[in-house]
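Participant: What follows is a structure written as structure tokens; I'll ask about it next.
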Amino acid sequence: MTIKEAKPSSIQVIERMMTLLDALAEHPDPVPLKQLAADTGLHPSTAHRILAAMAHSGFVERGENGVYRLGIRLLELGSLVKSRLSLRETAIADMLALHQKTGESVNLGIRDGDQIVYVERTSSGRSAVRVVHIVGARAPLHTTATGKLFLVEDGAQAVKEYARRTGLPSSTPSSITELGALEKELDRVRRHAVAFDLDEVENGVRCIAAGIRDDNGELIAGLSLSTPSERFNPDWAPLVRETAERISKALGYIPPRSQNL
């Protein structure tokens, strides 16, 4: 009497499908069945059967010479997901989590010309301190932590043009008003991937910001933590950066491999 192999459950089949898709995603060129089986640890007949089903649905394409690559259906679904993503809706859960960990206000700012506009904010609740980081508020790029992230992205020549165009006006005595000082500050931002505003927009208020990128790698927003100066803690910088990275990944951003090593 022959003992038949147990039929895999629906969950197992789905897990194997995802494993094959991940394996295909690792290869820039079409992959032969034998290689896919070796990469996933699946028996070639099992891999072939699942790939055939995915090819029928458009998730995988099979070439005439028996090689496989990701299918156009994935691109269609990816475009649909992208069109439905909202920066504010995607960011709010992580913003609230950061707020709960620190007890301080968390802001989401985007660029509008030479200014940062705040489009979302969690309130501190710990203090009645007034901050300018309210929804709809604006501030110059060079005085805000988020704005400095965008100036770094612009590059050296664009920063010079920004300084010439705006004159680097001050909001407080702590604001940077000279190009040389701004360039040194931006170099620090570039090296640490995090920016600070130390009483530069409003006396008694300090901020830490990190950038949020979309699926094209473009800097589209800044996540900032604002606190009264007496409660400012620079050790929160890694937490702000990690939160911004999570939001970026939720928007489809894939960091360069060198950042993942």
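Participant: Scan (1) modelled with pLDDT of 95 or more; (2) outside any helix (DSSP H, G or I); (3) buried (at least 16 other Cβ atoms within 10 Å of the Cβ) for the single condition residue 169 breaks and write down its number.
Facilitator: (3)
Participant: Pull up the stretch 58-77, narrow it to residues that are among the aliphatic types (A, V, I, L, M) and assigned to a helix (DSSP H, G or I), then point me to the one that is nearest to residue 250 (Cα to Cα). Outline the logic, then answer.
Facilitator: Going through the stretch 58-77, the residues among the aliphatic types (A, V, I, L, M) turn out to be 60, 67, 70, 72, 74-75, 77.
With the extra rule that they be assigned to a helix (DSSP H, G or I), the set shrinks to 72, 74-75, 77.
Working: 72: 22, 74: 17, 75: 17, 77: 15 Å.
Out of the qualifying residues, it is 77.
Participant: Show the residue pairs meeting these rules: Cβ distance below 7 Å; 6+ apart or different chains; first residue within the stretch 79-93 and more than 12 Å from residue 252 (Cβ to Cβ); second residue part of a helix (DSSP H, G or I) and at pLDDT 65 or above.
Facilitator: 91/247
Participant: Please go through (1) surrounded by 15 or more Cβ atoms within 10 Å (Cβ to Cβ); (2) part of a helix (DSSP H, G or I); (3) hydrophobic (A, V, I, L, M, F, W, C) for residue 80 and return the number of the only condition it doesn't satisfy.
Facilitator: Tallying (1) surrounded by 15 or more Cβ atoms within 10 Å (Cβ to Cβ); (2) part of a helix (DSSP H, G or I); (3) hydrophobic (A, V, I, L, M, F, W, C), residue 80 fails exactly one: (1).
Participant: Note down all Cβ pairs under 8 Å where the first residue falls in the stretch 4-20 and is over 21 Å from residue 36 (Cβ atoms), the second is exposed (fewer than 12 other Cβ atoms within 10 Å of the Cβ) and at pLDDT 85 or above, and they're at least six residues apart or on different chains.
Facilitator: If the second residue must be exposed (fewer than 12 other Cβ atoms within 10 Å of the Cβ) and at pLDDT 85 or above, no pairs are left.
Participant: Which is open to solvent by 50 Å² or more (accessible area, probe 1.4 Å) and either modelled with pLDDT under 85 or in contact with a helix residue (DSSP H, G or I) (Cβ under 6 Å, 6 or more places away or on another chain) (or both), of 4, 34?
Facilitator: Matching residue, one of 4, 34: 4.
Participant: On to the next question. Taking the stated definitions as given, is residue 99 open to solvent by less than 70 Å² (accessible area, probe 1.4 Å) and either of a type in the set (Val, Ile, Thr) or within 30 Å of residue 235 (Cβ to Cβ) (or both)?
Facilitator: yes
Participant: Go through the stretch 24-57 and report how many residues are outside any helix (DSSP H, G or I), farther than 22 Å from residue 72 by Cβ and in contact (Cβ under 8 Å) with a residue 24 or more places away in the chain.
Facilitator: Residues that pass the stated criteria total 1.
Participant: A further question on this structure: Please specify each residue of the stretch 142-166 satisfying the condition of being open to solvent by less than 10 Å² (accessible area, probe 1.4 Å) and within 20 Å of the chain's Cα centre (by Cα).
Facilitator: 144, 145, 146, 147, 148, 151, listed by residue number.
Yes/no per residue for (1) β-branched (Val, Ile, Thr); (2) open to solvent by 50 Å² or more (accessible area, probe 1.4 Å); (3) touching a helix residue (DSSP H, G or I) at 6+ places or on another chain (Cβ under 7 Å); (4) within 20 Å of residue 99 (Cβ to Cβ):
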{"site": "194", "(1), (2), (3), (4)": "yes, no, yes, yes"}
{"site": "211", "(1), (2), (3), (4)": "no, no, yes, yes"}
{"site": "217", "(1), (2), (3), (4)": "no, no, no, no"}
{"site": "224", "(1), (2), (3), (4)": "no, no, yes, yes"}
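Participant: What number of residues in the stretch 41-67 are under 13 Å from residue 13 (Cα atoms) and buried (at least 16 other Cβ atoms within 10 Å of the Cβ)?
Facilitator: Going through the stretch 41-67 one residue at a time, the tally reaches 7.
Participant: So which residues in the stretch 203-227 are over 17 Å from residue 139 (Cβ atoms) and of a type outside the set (A, V, I, L, M), if there are any at all?
Facilitator: 213, 214, 215, 216, 217, 218
The values are calculated or read from the model by the stated rules, or taken from the named source; none is laboratory data. Note that the structure is a prediction, hence the values are computed from the model and not measured. Note that we place each Cβ from the backbone using ideal geometry, even for glycine, and neighbour counts take in every protein chain shown. These area figures cover heavy atoms from the full protein model, side chains too; ligands, DNA and RNA do not enter into them. Shrake-Rupley method; radii C 1.70, N 1.55, O 1.52, S 1.80 Å.
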